[in-house]
1. Out of T30, T112, report the one residue that is among the β-branched types (V, I, T) and either within 28 Å of V137 (Cα to Cα) or touching a residue at least 12 places away in the same chain (Cβ under 8 Å) (or both).
2. Name the helices (runs of 4 or more DSSP H) wholly within segment 95-191 that hold at least 1 residues that are touching a Ser or Thr at 6+ places or on another chain (Cβ under 7 Å)?
3. Kindly indicate whether any position in segment 202-212 is closer than 24 Å to D149 by Cβ and charged (D, E, K, R).
4. Restricting to segment 93-109, name every residue that is in contact (Cβ under 8 Å) with a residue 60 or more places away in the chain and among the aliphatic types (A, V, I, L, M).
5. Going by what's in this entry, would L157 be described as out of contact with any Asp or Glu (no Cβ under 7 Å at 6 or more places or on another chain), buried (at least 21 other Cβ atoms within 10 Å of the Cβ) and free of Cβ contacts under 8 Å to residues at least 60 places away in the same chain?
6. Quick one: in segment 102-124, which of the residues that are more than 14 Å from F192 (Cβ to Cβ) and among the β-branched types (V, I, T) is nearest to the chain's Cα centre (by Cα)?
7. Which residues, counting only those in segment 82-93, are part of a helix (DSSP H, G or I) and in contact with a helix residue (DSSP H, G or I) (Cβ under 7 Å, 6 or more places away or on another chain)?
8. Is there a residue in segment 135-149 that is farther than 16 Å from L96 by Cβ, buried (at least 23 other Cβ atoms within 10 Å of the Cβ) and touching a residue at least 24 places away in the same chain (Cβ under 8 Å)?
Amino acid sequence: METWIQQGPRGFCWNPISTCYSCQVIIQVTEMLHNASLLIDDIEDSSTLRRGFPVAHSIYGVPSVINSANYVYFLGLEKVLTLDHPEAVHVFTRQLLELHRGQGLDIHWRDTYTCPTESQYRTMVLQKTGGLFGLAVGLMQLFSGWKRDLKPLLDTLGLFFQIRDDYANLNSTEYSENKSFCEDLTEGKFSFPTIHAIWSRPESTQVQNILRQRTENVDIKRYCVDYLEKAGSFAYTRETLRGLEVEAYRLITDLGGNPELEGLVKHLSKMFREPETKSGPEED
């Protein structure tokens, strides 16, 4: 997404843009906001690991990390002002508002033990995950004559990335090594697989009860993973991801093709095409 530039009336290409000042700034701003949002997200989720390392606030403290993350948000705004485009700040503000609205919904559902419908969940994802996609592409299109509507592709990719992340959190050994075992269960988060399990078996409250506990007990989390498997929630999640994958390829083709982006989607799809059996960390 970071390398879209205008090619002319025939469409667009995906060439390196290191010589384009505006694009360099947009890339920097997007990365800054993404990293700052992760710092805040780790605090809001009470996470312990990020990419295999202790989260920043466990080392530097919550107040310092909150202040630093907010500082980076405003550094991003300062860089956007250097783009010297009358609409740039509007795009920046609009997308950050969407991101925080989506995050607010996610937190509200978790803290009030309110399970959203799948439709409500998808809307939240498009706000939260799609915010940075919309920021990067929205800013780039301000400096391009190529104005085709990219929202369908951005929405599809946003859903694909977030639902895949939800699946990986509960069903990927590699993810557990970089975060912690089934961290979403400890957080009490209503993720895509747990939402499916709750609504597909309304007579059972097992998943809700486990989420309420915010448990770190590995045996309880293993039990929940097994329940999700038996409820067909992982199978449904894989089916949903395959549908989003196919739709992403179709939209990319309609826009003129992009081997790099197609390759990325294909690479990310390997994880749910070969389901893992997740038994949890080894015990002594």
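1. Unique residue meeting the criteria: T30.
2. 130-142, 151-171, 183-187
3. Within segment 202-212, not a single residue is closer than 24 Å to D149 by Cβ and charged (D, E, K, R).
4. L96, L99, I107, listed by residue number.
5. So L157 fails the test.
6. Once the filter is applied, the top-ranked residue is I107.
7. Listed by number, the residues that qualify are A88, V89, V91, F92.
8. Yes, some residue in segment 135-149 is farther than 16 Å from L96 by Cβ, buried (at least 23 other Cβ atoms within 10 Å of the Cβ) and touching a residue at least 24 places away in the same chain (Cβ under 8 Å).
The values are calculated or read from the model by the stated rules, or taken from the named source; none is laboratory data. Keep in mind it's a predicted model, so treat the numbers as computed, not measured. Positions of Cβ are generated from backbone atoms using ideal geometry, with glycine treated the same way; all protein chains shown enter the neighbour counts.
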